[in-house]
């Protein structure tokens, strides 16, 4: 039987957010694999807690994440940014390949949220298989994404009746607004580029599903200071902060 | 203790797609509530099967869905369309209120996919509470949406690295394309308005997660006939068809 690589969405830290299909995939694997940014990466610790709840015997293999060149992003150079991401994916693929060759069996890749949104695992797994040394079937198990937890925590639908949603990154927010988008879900935020959007409405959440979760909602101009303070407080309390928000033109 | 209304995303028909949190919400409720379009509504049967797998003792109360005026939609009159939707929400709120007043206890509303996307349950529950006769706390439990199953089945990320996604309806597809969107997730399709998009790439799926699931992917011009035939075949095999697709400019 061909070896299987399960790319498993595990939600955002609460073990109750996994689907039954995800739990079964973890229990059926020989080991789990996660990238590690540093020795005490807090997001690895959260994944370890999810495993402890559902598949406590499953070995967790941590792969040191190659260092990513972020200078292009800071400089706003799109081509250089894309090249830096591609180089980083290639380096990560080589690191994963080494583990997969050394250690046989079915593998569960533990993906934060859902593999479909702003996650590189599927691209890296495809790159590993394209290298030709690892042969396996890939199976994707969806997970609850932070944007769904945001909606659930605020008890909202993410759009007005029958209207559209633009899902984008903090980096591309301004270009989406300039192009006329009026209902935006913004992910992957290094900061909060909300200048000039005082009259829009925001529903914001950080570390959604985790014990350190914080929510803020209201008119941007009224809540932006509270929101920045909450973001700093979450970072200090948890040692990490991941936030997203819905932004709607009034 | 205040009565609780759980608005529970149950995925798209596969009982393994529920989260543990959703299963616990079903097991803790006094009864479940679903709208019914007609006596033998196939989507009620699918929900009944999900309940049978996880909470077989939970009574399922079926509420007859008010008839919705679809003439405005056909005529393309946006204001009349929105009024027709509002009237339908109000009628559904009155029907739900009657059940909630007659029958006490915590309630689980079984929502197809995720309550955050193109679903009216949260708006209707808010309308029920605004009427003032039912007092309750509302809690939302996210579920796996068809757009996530689409990505998982095709084993894709829903966007290029760092790019945006426009989530919209089949009804609004053409206006999103005209506004420059080049990566679209299209939900709620009455038909497939793909004329003139021959060179775009499509990843399509129908009845995702159900035994009648069908997938088609490729250049629109190459696969559109196959896709229309598959859609008709799914409708005939299952008695219902719900499809969605990712559409990307090449």
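The numbers here are math on the coordinates, done by the rules we state, and not lab data. All values reported here derive from a predicted model rather than from experimental measurement. Glycine also receives a Cβ, built like all others from the backbone with ideal geometry; neighbour counts cover every protein chain displayed.
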Worksheet item: Comparing B:16, B:136, B:237, which has the greatest mean-square fluctuation in the GNM of chain B with Cα pairs linked when under 10 Å apart?
Response: B:237
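State the percent of C-alpha pairs, over all pairs in the stretch B:176-250, separated by a distance greater than 17 angstrom. Mind dumping the intermediate values first?
Working: 1097 of 2775 pairs.
The proportion of pairs with Cα distances above 17 Å equals 40 percent.
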Discussion item. Tell me the relative contact order for the stretch B:196-250 as a rounded percent, counting alpha carbon contacts under 8 Å between residues six or more apart.
Written reply: 46
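Using a 10 Å cut-off on Cβ to Cβ distances, tally the other chain neighbours for every residue of B:167-175 and report the average as a whole number.
Values: counts 9, 6, 4, 0, 1, 3, 1, 0, 1.
So the per-residue partner count for this stretch is 3.
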Fill in: Distances in nm from residue A:182 to the matching label points in the other copies, shortest first (labels 7 Å along Cα to Cβ)
2.5
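Expressed as a rounded percentage, what relative contact order does the stretch A:146-248 have, with Cα pairs under 8 Å and six or more residues apart?
Values: 168 pairs, mean separation 32.2, N = 103.
The value is 31 percent.
Starting from the Cα gyration tensor of the stretch B:34-167, take the square roots of the eigenvalues, sort them a ≥ b ≥ c, and report rounded, prolate or oblate (rounded when a/c is under 1.5, otherwise prolate if a/b is larger than b/c, else oblate). Walk me through the intermediate numbers first.
Values: a/c = 1.74, a/b = 1.21, b/c = 1.43.
Oblate.
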Worksheet item: By how many degrees, 0 to 90 and rounded to 10, does the Cα axis of helix A:220-238 deviate from the longest principal axis of chain A?
Response: 30
Worksheet entry | Distance histogram for the protein assembly as shown (every C-alpha pair counted, 10 angstrom bins, percent rounded to whole numbers) | 4, 18, 30, 29, 15, 4, 0
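Report, in deg cm²/dmol and to the nearest 500, the calculated mean residue ellipticity at 222 nm for the protein assembly as shown, where each DSSP H run with n ≥ 4 adds -39500 (n - 2.57) and the sum is divided by the residue count. Don't skip to the end; give the middle numbers.
Numbers: 16 runs with 194 residues, N = 500.
Calculated from helices alone, the mean residue ellipticity at 222 nm is -12000 deg cm²/dmol.
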Discussion item. Taking the 0 to 90 degree range and rounding to the nearest ten, how far is the long axis of helix B:121-131 tilted relative to the main principal axis of chain B, both from C-alpha atoms?
Written reply: 40
Discussion item. Only Cα pairs within less than 10 Å get springs; with that Gaussian network setup on chain A, which residue of A:145, A:30, A:71 has the largest fluctuation?
Written reply: A:71
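Considering every residue in A:135-146, what mean count of other chain Cβ atoms within 10 Å of its Cβ is obtained?
Numbers: counts 0, 0, 1, 1, 2, 9, 5, 12, 4, 11, 6, 0.
Average per residue, whole number: 4.
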Worksheet, complete the sentence: With label points set 7 Å from each Cα along the Cα-to-Cβ direction at residue B:62 and residue A:126, the distance between them in nm comes to 4.3
Worksheet, complete the sentence: Final fewest-first order of B:223, B:216 on the 10 Å Cβ neighbour count is B:223, B:216
Worksheet item: With axes computed from alpha carbons, what is the tilt in degrees of helix B:42-54 against the longest principal axis of chain B, rounded to the nearest 10 within 0 to 90?
Response: 60
Worksheet, complete the sentence: Rounded to a whole number, the mean other protein chain Cβ count within 10 angstrom for residues of A:19-30 is 4
Discussion item. Using Cα springs under 10 Å in a Gaussian network model of chain B, which residue among B:174, B:139, B:155 shows the largest mean-square fluctuation?
Written reply: B:155
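Take the Cβ-Cβ distance between residue A:136 and residue B:101 as r, set R0 to 60 Å, and report the resulting FRET efficiency rounded to the nearest 0.05. All intermediate terms of the calculation are to be shown ahead of the outcome.
Details: r = 56 Å, r/R0 = 0.93.
Efficiency at R0 = 60 Å is approximately 0.60.
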Worksheet item: Percentage of Cα-Cα pair distances in the stretch B:1-88 greater than 22 Å, rounded to whole percent?
Response: 42
Response to the item:
Within the stretch B:174-198, the residues whose backbone N lies under 17 Å from a label point placed 7 Å from the Cα of residue B:225 along the Cα-to-Cβ direction are B:194-198
Item to complete: Could you please rank A:114, A:69, B:14, placing first whichever residue has the fewest other Cβ atoms within 10 Å of its Cβ?
Response: A:69, B:14, A:114
Response to the item:
Relative contact order as a percentage, chain A, C-alpha pairs under 8 Å and 6+ apart, gives 22
Worksheet entry | Alpha-carbon spread of chain A, three principal axes, descending order, Å | 57, 40, 38
